[in-house]
Amino acid sequence: MNRQTSEKLYAAACEKIPGGVNSPVRAFRNVDGSPFFVRRAKGARLWDVDGNELIDYVGTWGPAILGHAPECIIAAVHNAAKDGVSFGIPNPYEVEMARLICDWVPSVEKVRMVNSGTEATMSAIRLARGFTGRDRIIKFTGCYHGHVDSLLVAAGSGALTHGEPDSAGVPRAFAELTTALPFNDRAAVEEAFAESGDQIAAVILEPVPANAGLFFEVDGFLSFLREITQKHGAVLIFDEVMTGFRVAKGGVQELTGITPDLTALGKVIGGGLPVGAFGGRADIMNQLAPDGPVYQAGTLSGNPLAMAAGLTQLKEMEKRNGWQQLEGLGAELEQGMRGALATAGLPWTFHRIGSMFCLFFAEGAVQNLEDAMRVDKAAFAKFFHTCLDHGVYFAPSPYETGFISVAHSSEDIATTVAVAEQALMAL
Ligand code: KE4
């Protein structure tokens, strides 16, 4: 496949942008090779700068749930822009978005808009610490919450020791306030609370971890966390930046009936424009400035273009019952992929929830980061590039989740399965 223009652009990008990208995963380091550059996107498709057409299963990492550049969003952004692109003054869109989020997301009584998922989780952590007067945080290995210092923390040497920085530049003093435990490990959580329950401000998790591949709770882990945090007065935070408004109208908390104290949101609620949000119990949210002592702010928070795009996308999903459509497409893809994998000459596991899916080239169950790290990265890289060369763009990492949009068709799914089958045979 001709990628000459992408290669020239990447060389130029590398001269002026660290790693040639504005976000690391885009650099294809987990699949070798170098990234293509996109010219335009529409519906379920991308066209790169060399004219290659691709069926897209990344969907700008989740926001493009209606597909790329839906006419309704283009019109909404255009109409909003005619009246101003940013105000830094309260505007009616913000009230409408807040009301919609509070109506749709079970845990949210009050909500504040921010500009990224990272800002949402960072603010939720600070709010939980301010509300409880405590400092310690529990997170889970394999869960990613954006590049927040206190959440870029890996498990310490022993399960219960303080966290280790998971990035250069994160002070050890920050990391030591965060304990990173294995997901689905009740005993580790019980020990952490037994040891320092009265110091734990919050437990934060992706209720469906989707940043180390895609895996799920086992044995009622989420309800266990709901009970133990309630018992110890710790704030339970669901990071639904990826799952919110995607796995269901009200996210994982709607599907499971388990209601956290705070929820972080993003991606879908911006319709592709920069956005994040965090919300939850009013007694906690009321601790935020200007009413309360927990400071949090943002020049572009509640930006009219992002609000107009996000509101349009959410309302369109509701009007079309997009979640039902996504389940149908997801089931088609899963059935097709399992059929193709049945004759694959290597171990695999396929996980899906609604329109989110992940193919692990690994033996056996995947229930936490340790399991996910067993994947055959070389096999995935080869699979990824063969699919890309045949017009199907999966996430450029074995540790990412794929996304289907309502713009994908049954024909797209059939084409994708045929390409995947070819790629599997070439392994
Ligand atoms: P942003 O700051 O990238 O908007 O959101 C951070 C974030 C928070 N929480 C969850 C569950 C997330 O998945 C993310 C970001 N997701 C990644 C994809 N794995 C974004 C892609 C990227 O980093 O370029």
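For segment 61-105, enumerate the residues that are surrounded by 15 or more Cβ atoms within 10 Å (Cβ to Cβ) and β-branched (Val, Ile, Thr).
Within segment 61-105, ILE65, ILE73, VAL77, ILE101, VAL105 meet the criteria.
Any residue in segment 5-29 that's under 20 Å from PRO274 (Cβ atoms): show its pairings with residues that are away from the ligand (no atom under 12 Å from the Cβ) and not in a loop (DSSP other than H, G, I, E, B) at Cβ separation under 8 Å, as long as the two are six or more apart or on different chains.
Close Cβ pairs satisfying both conditions: VAL21/ALA13.
With respect to VAL108, is the statement that it is more than 16 Å from the ligand (Cβ to nearest atom), buried (at least 24 other Cβ atoms within 10 Å of the Cβ) and in contact (Cβ under 8 Å) with a residue 60 or more places away in the chain true?
yes
Does GLY33 qualify as being part of a loop (DSSP other than H, G, I, E, B), farther than 29 Å from PHE360 by Cα and of a type in the set (Gly, Ala, Ser)?
no
Taking segment 8-32, which residues are surrounded by 15 or more Cβ atoms within 10 Å (Cβ to Cβ) and away from the ligand (no atom under 14 Å from the Cβ)?
Answer for segment 8-32, where residues must be surrounded by 15 or more Cβ atoms within 10 Å (Cβ to Cβ) and away from the ligand (no atom under 14 Å from the Cβ): LEU9, TYR10, ALA13, VAL31.
Please tell me if PRO35 is within 16 Å of the ligand (Cβ to nearest atom) and either open to solvent by 20 Å² or more (accessible area, probe 1.4 Å) or touching a residue at least 12 places away in the same chain (Cβ under 8 Å) (or both).
yes
Condition (residue is farther than 27 Å from HIS147 by Cα and among the basic types (Lys, Arg)) applied to segment 12-33: is it met by at least one residue?
No - not one qualifying residue is present in segment 12-33.
May I ask you to list the residues in segment 374-415 that are in a helix (DSSP H, G or I), open to solvent by less than 10 Å² (accessible area, probe 1.4 Å) and in contact with a helix residue (DSSP H, G or I) (Cβ under 7 Å, 6 or more places away or on another chain)?
PHE383, CYS387, ILE413
Looking at segment 309-323, is at least one residue open to solvent by 30 Å² or more (accessible area, probe 1.4 Å), away from the ligand (no atom under 16 Å from the Cβ) and outside any helix (DSSP H, G or I)?
Checking segment 309-323: at least one residue is open to solvent by 30 Å² or more (accessible area, probe 1.4 Å), away from the ligand (no atom under 16 Å from the Cβ) and outside any helix (DSSP H, G or I).
Yes or no: CYS358 within 23 Å of TRP61 (Cβ to Cβ) and within 20 Å of the chain's Cα centre (by Cα)?
So CYS358 fits the description; yes.
Among the numbered criteria (1) aliphatic (A, V, I, L, M); (2) touching a residue at least 40 places away in the same chain (Cβ under 8 Å); (3) open to solvent by less than 30 Å² (accessible area, probe 1.4 Å), which single criterion is violated by VAL218?
Among (1) aliphatic (A, V, I, L, M); (2) touching a residue at least 40 places away in the same chain (Cβ under 8 Å); (3) open to solvent by less than 30 Å² (accessible area, probe 1.4 Å), the lone unmet condition for VAL218 is (3).
What is the number of the single condition among (1) among the hydroxyl-bearing types (Ser, Thr, Tyr); (2) surrounded by fewer than 22 Cβ atoms within 10 Å (Cβ to Cβ); (3) part of a helix (DSSP H, G or I) that THR343 does not meet?
All conditions pass for THR343, except number (3).
Name the residues in segment 222-246 that are open to solvent by 10 Å² or more (accessible area, probe 1.4 Å) and away from the ligand (no atom under 16 Å from the Cβ), would you?
The answer is SER223, PHE224, ARG226, GLU227, ILE228, GLN230, LYS231, HIS232, GLY233.
Within segment 359-372, is there a residue that is surrounded by fewer than 21 Cβ atoms within 10 Å (Cβ to Cβ) and assigned to a helix (DSSP H, G or I)?
Within segment 359-372, one or more residues are surrounded by fewer than 21 Cβ atoms within 10 Å (Cβ to Cβ) and assigned to a helix (DSSP H, G or I).
The values are calculated or read from the model by the stated rules, or taken from the named source; none is laboratory data. In this text, all values refer to a predicted model and were calculated from it rather than measured experimentally. Glycine gets a Cβ as well: all are built from the backbone with ideal geometry, and neighbour counts include every protein chain shown. Only protein heavy atoms, including side chains, enter the accessible area calculation; ligands, DNA and RNA are left aside. Shrake-Rupley method; radii C 1.70, N 1.55, O 1.52, S 1.80 Å.
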